[in-house]
Amino acid sequence: MDQNSLLEDGGGQARVMPGLMPLFLAFFRLGATSLGGGLTNWIMHDFVRRRRWLGEEEFLSGLAIAQALPGINVVNLPIWIGWRLHGWIGALVCAMAVLIPGIAIVAAVAGVFASLSTYPATHRFLSGAIAVAIGLSIAMGVQAGKRVMRERDPVPWVLMGVCFVLAGPLHAPAAPVIIGLGGFGIAYFLWRSRNA
């Protein structure tokens, strides 16, 4: 399927089903023009708000899965989106689309950086790039946090607070926090959906 087609999501909203080529081109462009942690914010803006390929709740669920799984979030999320929209071939197409430009750019930048690393301006540029990536990650956190704020159930708030304290001030290892809190959260929401 290479053409976009219209679907309806669970909420009655019109949703566009992308073909493989538009999906590849969108991830290729995002992979070539986005920095680090900001990629998830770009994907949400492009795929959820602008193109309507995914619903917001669907995207945030996929983001949670991508963050909980081993590996790099900015690769896990495109794989999940590709799988969600086109099965295993979509997962492969999206992974390659987001990785190819990054690999090429990193190889080129590494060569340039090696020759410019003695200049102080190079390190200032990298500090600025890091600040931008952190800002984009915070923006994505705010977007995900808005969903939690709409919840009337206190459990998401408690999970978010406990995770913040464990990962932040207490410097707990990530794996036990993800497995413990993530497992509890999944079990709780499965229980809640069955008893609703």
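All of the numbers you see were taken from the coordinates with simple rules; none came from a lab. Keep in mind that what you see is a predicted model, and the values were worked out from it rather than measured. All Cβ positions, even for glycine, are placed from backbone atoms using ideal geometry, and neighbour counts span all protein chains on display.
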Three-way shape call for the stretch 152-196 based on the alpha-carbon gyration tensor, with the a/c threshold at 1.5 = oblate
request  = Starting from the alpha-carbon convex hull of the stretch 96-196, give the projected area averaged over all orientations, in nm².
outcome  = 10.0
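Based on Cβ point charges of +1 for Lys and Arg and -1 for Asp and Glu, what charge dipole magnitude is obtained for the stretch 45-85 about its Cα centre, in debye rounded to the nearest 20? Before the final figure, lay out each step's value.
Values: 5 positive and 4 negative charges, 36 e Å.
Once rounded to the nearest 20, the dipole reads 180 debye.
Assign unit charges at the C-beta atoms only (+1 for Lys and Arg, -1 for Asp and Glu), then state the dipole size of the chain relative to its Cα centre in Debye, rounded to the nearest 20.
Values: 14 positive and 9 negative charges, 50 e Å.
Using Cβ point charges on Lys, Arg, Asp and Glu, the chain gives about 240 debye.
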